1. Could you grab me the full set of residues in the range B:1-35 that are surrounded by fewer than 16 Cβ atoms within 10 Å (Cβ to Cβ) and under 19 Å from residue B:58 (Cβ atoms)?
2. Pick out the one residue from B:30, B:74, B:20 that is out of contact with any strand residue (DSSP E or B) (no Cβ under 7 Å at 6 or more places or on another chain) and more than 10 Å from chain A (Cβ to nearest Cβ).
3. Quick check on residue A:45: is it within 22 Å of the chain's Cα centre (by Cα) and surrounded by 20 or more Cβ atoms within 10 Å (Cβ to Cβ)?
4. One residue is enough: does the range A:62-72 have a residue meeting the conditions more than 26 Å from residue A:93 (Cα to Cα) and exposed (fewer than 13 other Cβ atoms within 10 Å of the Cβ)?
5. Of all residues being in a loop (DSSP other than H, G, I, E, B) and either in contact with a strand residue (DSSP E or B) (Cβ under 7 Å, 6 or more places away or on another chain) or surrounded by 20 or more Cβ atoms within 10 Å (Cβ to Cβ) (or both) in the range A:374-404, which is nearest to the other protein chains (Cβ to nearest Cβ)? Just the residue, please.
6. Residues that are surrounded by fewer than 21 Cβ atoms within 10 Å (Cβ to Cβ) and away from chain B (no Cβ under 14 Å): which strands (runs of 3 or more DSSP E) entirely in the range A:259-368 hold 1 or more of them?
7. Looking at B:86, B:105 in this structure, which one is more than 14 Å from chain A (Cβ to nearest Cβ), in contact (Cβ under 8 Å) with a residue 40 or more places away in the chain and in a helix (DSSP H, G or I)?
8. Can you say whether residue B:126 is at pLDDT below 95, outside any loop (DSSP other than H, G, I, E, B) and away from chain A (no Cβ under 13 Å), as far as the supplied structure shows?
């Protein structure tokens, strides 16, 4: 039985005050809050078994290694990867993407094409632009529609035998649109292209099955799904990861080193140079256990209710326009009111203890498409309540009356 | 002519009358409406202050060795903030603008706007005003 008030007790931060008002945290798409269980996993590691992993013969090192590798197995199971060594720990989504982009520097040739969606976040645009500059490959953009969905007809026409890679976010961070990634992957594969899916915005809401999707690379960050910042993962099919060159040189990722030559370790260590974020990796696993303990089905249906309620309530505010009206979307509402700048609305909401995001959400191309400076974005989590949506509505109405 | 310091004290006194943030914000919004607006020909990308989430344009011109500022913003609260700065720094000699400190911002409860995470660029606005002062001071020398 889903009891939001019971769950909220796991998140001490949710009971704090901001500017003299109880906090209403609606910036979950930027980062989720961290439950006690995850924080305790981190302190437990430092208090009881902090040691470097994969090399010590002593007990602490073994315990730390076991916990770290157990987390990898938890992540593998969650995403249904075929092997644990297909899960690479990284510093987060951005590093995961850079790791693949850097690997493709030696694979791509002049005239090759990369397809990227118009809904992408900056971190999923910039590395590819850099890659194209280095290799002479061309970056092509799958355009978006006014509803905030991908223009799939144009996607079909852009896809051809020169297409080597397709990069699409599973969910758009600015609008919440859930992209038809299964269809994209199937069509790309028919042309021999590989597909990288950025799962950062999807992971708190949707359980992706990498084998069912037949996706080539899937990346995400722990801090979006109740884990800590600074850790994330790169999933890649074994054969593909083996074919990629190592990303960074250093300890942990080598098999033998002489001054003439270094041979690299097997997966996953080949991509995990240096001492990793051990506590973060362990906590990532605990965060997934926490989410699965609630259940992704339960989370999805509760968040769907929140989204419907919030959409109805906010739409009644005069002049409020919602951006991103895809049928399939996560619990995100990106909006503007009349000609008010999102910054004005966000600043006043903050004074009332309501945390929303304002600005371009690191997705400037989307804002350019709508010809707006940005939006106010309220993004919901399973620990948000209907009462908090009422507070948001009241806050917006008050902001509007002040600004008029 | 009032000194920069005297104007700052005046503003601090005005803000001290308010009991809560709402009154302060409402006052700022009103101040924004009094902002000496920048002429359309100066509202160019060159005059946009970087580091602001909202757009802010500032232009300076010299009259009888004193600097005067005009500005605009697409956000109302930002307009209020720049209006306060212009009230403080307009009709002043460049060397006085350069010598002025901006501690009064803290005293009127806008300290949070100085934080880089606010991204409203109050810091950038002050920097831009001082840059204009440097440029015009060089002309005077």
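1. Those that are surrounded by fewer than 16 Cβ atoms within 10 Å (Cβ to Cβ) and under 19 Å from residue B:58 (Cβ atoms): B:33, B:34.
2. Among B:30, B:74, B:20, only B:30 is out of contact with any strand residue (DSSP E or B) (no Cβ under 7 Å at 6 or more places or on another chain) and more than 10 Å from chain A (Cβ to nearest Cβ).
3. no
4. Checked against the condition, which is being more than 26 Å from residue A:93 (Cα to Cα) and exposed (fewer than 13 other Cβ atoms within 10 Å of the Cβ), the range A:62-72 yields no hits at all.
5. Per the stated criteria, the residue is A:374.
6. Correct list: A:262-264, A:320-323.
7. Working: B:105 fails: in contact (Cβ under 8 Å) with a residue 40 or more places away in the chain.
Criteria check complete, one pass: B:86.
8. Working: at pLDDT below 95: yes; outside any loop (DSSP other than H, G, I, E, B): yes; away from chain A (no Cβ under 13 Å): yes.
It is true that residue B:126 is at pLDDT below 95, outside any loop (DSSP other than H, G, I, E, B) and away from chain A (no Cβ under 13 Å).
The values are calculated or read from the model by the stated rules, or taken from the named source; none is laboratory data. Note that the structure is a prediction, hence the values are computed from the model and not measured. Backbone-built Cβ (ideal geometry, glycine too); neighbour counts: all protein chains shown.
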